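K.L.:
This is the structure, below, for whatever I ask next.
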Amino acid sequence: MEERQPEARMGGVRAAALRPIVSPGVLFWPIAVVLGMIVLAGAVAFVQQLRFGLGVTGLNQEVSWGFYITDMVFFIGLSYGGAVTSAILRLTNAPWRAPMARMAEAMALVTLMIGSLFPIIDLGRPDRMGNLLLHGQVGSPVLWDVVAVNTYMVATIIFLYLPLIPDIAFCRDHLGPAAGRLRKALYERLSLGWRGTAGERHLLERNMTIVAVVIIPLAVSVHSVLAWLFGMTVRPGWNSTIFAPYFVVGALFSGVAAVILVIAAFRKAYHLEEFITEQHFKYLSNILLALGMGYGYFLFAEVLTEGYKMEGFSQHEGSGALLQELLLGRYAPLFWGFVVGGLALPMALLSLPATRNVAGIVTASTLVVVAMWLK
């Protein structure tokens, strides 16, 4: 009986994996319709922007970057967190990563695709996107960003696709008529003739390791370049040398929190409690807790150095005046809301034994994701 248990469990894994493909559930189409309506509303708003210009968004000569760039940094940060989390767990061969790595990899690609749309929309004239490559200045951080994001996009697609090959072949061999002609043809081509031989598995593992090694510095470079877009200006509050590591740690912080939320949603929707246990959430919460402490350190270092110098305070301009607005003025509710709701409270939820459960960890992760967008 004990010898059959692993085989029975593997059968359960396969059944759980195929279930949403064959029968997506009663909520699938209602959710798809709602999301489609949101996309349609976005398309209508984009047409309005094309007709009347970027002024309809509130952007102007003084406020040159708004929600679009905020969302770009936020979503690419989520992507970075998902990709690096999966890559590190794969390289360290963590035995508990198996039920979660694929979700993190998929989230990394989806959020990167979303984030990459925003700078194109922010241009106001998307038809001029090609000019960034044809006439870009090599010394411009904007061109660095375009090159880094596109390179990272290719690596992320490969990083998701390689481990999917055996799964696609499994669907090809086991779904049968339930797949339909179109999906059957896609499975045939995308599986690349996979048969699961020892040689194929060895080659796949080696290539997956190479991509996992490559994607970590790529992800670091992408978010560092995003940080330099801000840090290489002379604006008060942005003129900082710590922005690159600050953004990288922040991306990991929000990205791991988003991975937890994605895993929790899939676990609930597809009844995967048998495979994704509370212990998996505790492992991820340890990573989130460490990153939160690191991000808190960077925040303290930023405020300390700006506050110690208080540059430009007497003239009511510069970093001193900005810091006063941030700590005591009109931005204080947002700033302290982030500190309390996005750092202190999540750290407490992740630390206290009474709240180190699925509900507490998901609550902490939700607070982190919302607060990091606010930050």
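K.L.:
Take the alpha-carbon positions of region 204-307, form their convex hull, and give its projected area averaged over all directions (one quarter of the hull surface) in nm².
P.N.:
Details: hull surface 35.5 nm².
Approximately 8.9 nm², given one-decimal rounding.
K.L.:
Run the accessible area of region 250-375 with a 1.4 Å probe and give the carbon-and-sulfur part as a rounded percent. Can you show the working numbers first?
P.N.:
Working: 4410 of 6400 Å².
The C+S portion of the solvent-accessible surface of region 250-375 is 69 percent.
K.L.:
Continuing with this model, one more query. With springs only between Cα atoms under 10 Å, which of A244, A269, A185 fluctuates most in a Gaussian network model of the chain?
P.N.:
Of the options given, A185 has the highest mean-square fluctuation.
K.L.:
Can you work out ³J(HN,Hα) from phi for every residue in region 329-345, in order, using Karplus 6.51 cos²θ - 1.76 cosθ + 1.60 and θ = phi - 60°, giving whole Hz and x for Gly and Pro?
P.N.:
x, 5, 8, 4, x, 5, 5, 6, x, 5, 4, 7, x, x, 10, 5, 5
K.L.:
Please work out the average accessible area per residue across region 328-375, using the 1.4 Å probe convention, and give it in Å². Walk me through the numbers on the way to the answer.
P.N.:
On the way: 2450 Å² over 48 residues.
Per residue, region 328-375 has an accessible area of 51 Å².
K.L.:
State to the nearest 20 debye the size of the charge dipole of region 97-165 about its Cα centre, where the only charges are +1 on K and R beta carbons and -1 on D and E beta carbons. Please list the in-between numbers first.
P.N.:
Values: 4 positive and 4 negative charges, 27 e Å.
In debye, rounded to 20, region 97-165 gives about 140.
K.L.:
While we're looking at this one, here's another question. Give me the one-decimal nm value for the distance between modelled label points at T363 and L117, 7 Å along each residue's Cα-to-Cβ direction.
P.N.:
My value for the distance between the label points is 3.3 nm.
K.L.:
For the chain, what mean projected area does the convex hull of the alpha carbons give, in nm²?
P.N.:
On the way: hull surface 92.6 nm².
That works out to 23.1 nm².
K.L.:
Report, ordered by chain and residue number, the lysines lying within cross-link reach of K282, taken as a straight Cα distance under 25 Å and ignoring same-chain residues fewer than 8 apart.
P.N.:
K268
K.L.:
Further, regarding this structure: Using every Cα-Cα pair within region 73-134, state what percent have a distance larger than 17 Å. If you can, show how the numbers build up before the last one.
P.N.:
On the way: 956 of 1891 pairs.
When all Cα pairs of region 73-134 are counted, 51 percent exceed 17 Å.
K.L.:
If each DSSP helix of 4+ residues adds -39,500 (n - 2.57) and the sum is divided by the residues in the chain, what number results at 222 nm, nearest 500 deg cm²/dmol? Don't skip to the answer; put the middle values down first.
P.N.:
Numbers: 14 runs with 276 residues, N = 375.
Mean residue ellipticity, 222 nm, calculated: -25500 deg cm²/dmol.
K.L.:
Quote the accessible area belonging to T366 in square angstrom, nearest 10, computed with a 1.4 Å probe and with ligands, DNA and RNA left uncounted.
P.N.:
Accessible area of T366: about 60 Å².
K.L.:
Sticking with this one: Return the single residue from V220, V33, V358 with maximal mean-square fluctuation; model: Gaussian network over the chain, springs between Cα atoms under 10 Å.
P.N.:
Top of the fluctuation ranking is V33.
K.L.:
Any idea what the relative contact order of the chain is, in percent, if you count C-alpha pairs under 8 Å spaced at least 6 apart? Mind showing how you got there, number by number?
P.N.:
Working: 376 pairs, mean separation 66.9, N = 375.
It comes to 18 percent, rounded to a whole number.
K.L.:
Mind telling me which of D145, D71, D173 comes out most flexible in a GNM of the chain, alpha-carbon contacts under 10 Å?
P.N.:
With Cα springs under 10 Å in the chain, the top fluctuation among D145, D71, D173 is at D173.
K.L.:
Then there is this: In region 270-375, what GluC sites (Glu not before Pro) fall in a loop by DSSP, with at most 16 other Cβ atoms inside 10 Å? Don't skip to the answer; put the middle values down first.
P.N.:
Details: sites: E273, E274, E278, E302, E306, E311, E317, E325; in loops: E273, E274, E311, E317.
When the GluC sites (Glu not before Pro) of region 270-375 are filtered for loop state and at most 16 Cβ neighbours within 10 Å, E273, E274, E317 remain.
K.L.:
When only C-alpha pairs under 8 Å and at least 6 residues apart count, what is the relative contact order of region 16-132, in percent? Walk me through the intermediate numbers first.
P.N.:
Values: 70 pairs, mean separation 33.1, N = 117.
It comes to 28 percent, rounded to a whole number.
K.L.:
Counting Lys and Arg as +1 and Asp and Glu as -1, each charge on the Cβ, what is the dipole of the chain about the Cα centre in debye, to the nearest 20? Display every interim value, and only then the final one.
P.N.:
Details: 26 positive and 22 negative charges, 192 e Å.
The dipole of the chain has a size of about 920 debye.
K.L.:
Using the heavy atoms of the protein chains and a 1.4 angstrom probe, tell me the accessible area per residue for region 15-143 in square angstrom.
P.N.:
Numbers: 7480 Å² over 129 residues.
Result: 58 Å² of accessible area for each residue.
K.L.:
How about K184: which lysines have a C-alpha closer than 25 Å to its C-alpha, ignoring those fewer than 8 places off in the same chain?
P.N.:
none
K.L.:
Just name one of A257, I276, W238: the one whose Cα is farthest towards the positive end of the charge dipole of region 219-375 (beta-carbon charges, Lys/Arg +1, Asp/Glu -1).
P.N.:
Result: I276.
K.L.:
Next up: Could you give me the ³J(HN,Hα) list for region 151-165, computed from phi with Karplus coefficients 6.51, -1.76, 1.60 and θ = phi - 60°, whole Hz, x at Gly and Pro?
P.N.:
5, 5, 4, 4, 5, 5, 4, 5, 4, 7, 6, 4, x, 7, 4
K.L.:
Starting at the first residue of region 116-122, write each ³J(HN,Hα) from the Karplus equation 6.51 cos²θ - 1.76 cosθ + 1.60 with θ = phi - 60°, in whole Hz, x for Gly and Pro.
P.N.:
Using θ = phi - 60°, the values come out as 5, 6, 5, x, 5, 5, 5 Hz.
K.L.:
Using the reciprocal of the averaged 1/r over all distinct C-alpha pairs, how large is the Kirkwood radius of region 108-185 in Å?
P.N.:
15.5
The values are calculated or read from the model by the stated rules, or taken from the named source; none is laboratory data. The structure displayed is predicted, hence computed values, not measured ones. All Cβ positions, glycine included, derive from the backbone under ideal geometry; neighbour counts span all protein chains shown. The accessibility values were calculated without ligands, DNA or RNA, using every heavy atom of the protein model including side chains. Shrake-Rupley method; radii C 1.70, N 1.55, O 1.52, S 1.80 Å.
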